[in-house]
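Novice: Would you mind keeping the following structure in view while I ask a few things?
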Amino acid sequence: MQKIAIIPGDGIGIDVTREAVKVLRRANEVFKLPLELVEFEFGADYYLKTGIGLPPGQMEEFRKNYAAVYLGALGDPRIPDMRHGREILLGMRFDLDLYINLRPVKLLNERLCPLKDKTAKDVDFVVFRENTEGPYINAGGILKKGTPDEVATQESYYTRKGVERIIRAAFAYAKSHGRTRVTMSDKSNVLRYGHDLWQRVFAKVGEEYPEIEKDHFFVDALVMKMVKNPEHFQVIVTENMLGDIITDLGAILQGGLGMAGSGNIHPGQVSLFEPVHGSAPSMAGKNKANPLAAILTVAMMLDFLGHPQAAAAVEAAVQKAVDEKQVTADVGGNLGTKECGDFVVAQIG
């Protein structure tokens, strides 16, 4: 049995997770999978009631007894500093050492792409974003806050181990998925120490994959290339903050954040899967949110758990929904969240 923790989150996270869970239950039934879904109430309401993001011991429970965690969007205006979101999402990313943020950028229909004359075959790459180092480690401080002499420092750390394992993961993915090019992006022309490490490790690991083409772009050149020639890219690997920016641009190329699934992965260990859009409180409960990113995230999770046939069936169902415009308004349809989810469910099996 594979136990899956379901955390619906806040706002439209609750709406789209409901549809994703319907799809997951349908795949579980049709393909006779060994999945047990366990829902948790962690989110803004729980935090406001208890003052706790995740209860003591919950992280260890996930680590020992669960195969994956499925997380909906977090964010609530009643908690303006997003403390509960940091405790839950960043807590799991760091405490579970989920060093791979995997973001597929796959255009399902050319009408969704904002770029002129680009087709589905032109926008089909994945981004490996390092997920546990860089500027997001919360190291730094503020001196003389609120005065004219205020000084703020934000520290960034890279380790040989951390850089090497994400680069190795990108090359391994390329080899196992028939991809022939891996691109590394950094800003080593300015960030001469940390990003020099990325340069050296990329070159060293790349020597082990002579059959795979290696190239490099400074991040400003990379984002221009993504807009002008997205077909150049197959696998991109980069550090944490740059990856955060690159992947959101990638999401727009595939039709918006409502189409962007995501995995926070440590191979062989419990991993976290989440669509990357926000909680959009003003849309919550109105049956308007696009559930396809949440559903595509289910497909990623199924593949990670060793159920590629079920994952492919979910992806095919989403493809059909997009092609037949059985989708929400943001991607050219006129269905509600629930009705779009129902259509996808009906295509499985």
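Novice: Tell me which residues, restricted to region 301-347, are surrounded by 16 or more Cβ atoms within 10 Å (Cβ to Cβ), in contact with a Lys or Arg (Cβ under 6 Å, 6 or more places away or on another chain) and more than 25 Å from residue 264 (Cβ to Cβ).
Specialist: Within region 301-347, 333, 345, 347 qualify.
Novice: Scan 93, 103 and give me the residue that is modelled with pLDDT of 95 or more, basic (Lys, Arg), under 19 Å from residue 263 (Cβ atoms) and under 21 Å from the mean Cα position of the chain (by Cα).
Specialist: Criteria check complete, one pass: 103.
Novice: How about region 150-220: which strands (runs of 3 or more DSSP E) wholly inside it have at least 2 residues that are in contact with a His (Cβ under 8 Å, 6 or more places away or on another chain) and closer than 20 Å to residue 246 by Cβ?
Specialist: Per the criteria, 181-186.
Novice: Can I ask one more? Looking at 285, 243, 268 in this structure, which one is within 25 Å of residue 167 (Cβ to Cβ) and surrounded by fewer than 19 Cβ atoms within 10 Å (Cβ to Cβ)?
Specialist: After ruling out the rest, the residue left standing is 268.
Per-residue answers, yes or no, for (1) touching a residue at least 60 places away in the same chain (Cβ under 8 Å); (2) under 30 Å from residue 347 (Cβ atoms):
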{"site": "17", "(1), (2)": "yes, yes"}
{"site": "34", "(1), (2)": "no, yes"}
{"site": "83", "(1), (2)": "no, no"}
{"site": "94", "(1), (2)": "no, no"}
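Novice: Tell me, please, whether a residue that is assigned by TED's automatic domain parsing to the domain that holds residue 272, farther than 25 Å from residue 269 by Cβ and either modelled with pLDDT of 95 or more or of a type outside the set (A, V, I, L, M) (or both) can be found in region 64-76.
Specialist: Taking every residue of region 64-76 in turn, at least one turns out to be assigned by TED's automatic domain parsing to the domain that holds residue 272, farther than 25 Å from residue 269 by Cβ and either modelled with pLDDT of 95 or more or of a type outside the set (A, V, I, L, M) (or both).
Novice: A follow-up question, please. For region 169-192, give me each residue that is out of contact with any helix residue (DSSP H, G or I) (no Cβ under 6 Å at 6 or more places or on another chain) and charged (D, E, K, R).
Specialist: 175, 179, 181, 192, listed by residue number.
Novice: Please pick out the residue among 298, 227 that is β-branched (Val, Ile, Thr), in contact (Cβ under 8 Å) with a residue 40 or more places away in the chain and surrounded by fewer than 24 Cβ atoms within 10 Å (Cβ to Cβ).
Specialist: Every option except 227 fails the conditions.
Novice: A further question on this structure: Give 9, 51 a once-over and let me know the one that is buried (at least 17 other Cβ atoms within 10 Å of the Cβ) and either free of Cβ contacts under 8 Å to residues at least 12 places away in the same chain or assigned by TED's automatic domain parsing to the domain that holds residue 348 (or both).
Specialist: Being buried (at least 17 other Cβ atoms within 10 Å of the Cβ) and either free of Cβ contacts under 8 Å to residues at least 12 places away in the same chain or assigned by TED's automatic domain parsing to the domain that holds residue 348 (or both) holds for just one of 9, 51, which is 9.
Novice: I'm checking my understanding of the structure. Among residues of region 54-88 that are β-branched (Val, Ile, Thr) and within 19 Å of the chain's Cα centre (by Cα), which one is surrounded by the fewest Cβ atoms within 10 Å (Cβ to Cβ)?
Specialist: Going through the qualifying residues, I end up with 69.
Novice: Anything in region 101-159 that is closer than 23 Å to residue 301 by Cβ and charged (D, E, K, R)? List them, or say none.
Specialist: 103, 106, 124, 129, 130
Novice: It is to be established whether one or more residues within region 262-284 are assigned to a helix (DSSP H, G or I), at pLDDT 95 or above and closer than 25 Å to residue 231 by Cα.
Specialist: Scanning region 262-284, I find no residue that is assigned to a helix (DSSP H, G or I), at pLDDT 95 or above and closer than 25 Å to residue 231 by Cα, so the answer is no.
Novice: With respect to residue 294, is the statement that it is touching a Ser or Thr at 6+ places or on another chain (Cβ under 8 Å), of a type in the set (A, V, I, L, M, F, W, C) and assigned to a helix (DSSP H, G or I) true?
Specialist: yes
Novice: State all residues of region 91-147 that are part of a loop (DSSP other than H, G, I, E, B) and closer than 30 Å to residue 54 by Cβ; if no residue qualifies, say none.
Specialist: Within region 91-147, 96, 97, 98, 99, 131, 132, 133, 145 qualify.
The values are calculated or read from the model by the stated rules, or taken from the named source; none is laboratory data. What you are looking at is a predicted structure, and each value in this text was computed from that prediction instead of being measured. All Cβ positions, glycine included, derive from the backbone under ideal geometry; neighbour counts span all protein chains shown.
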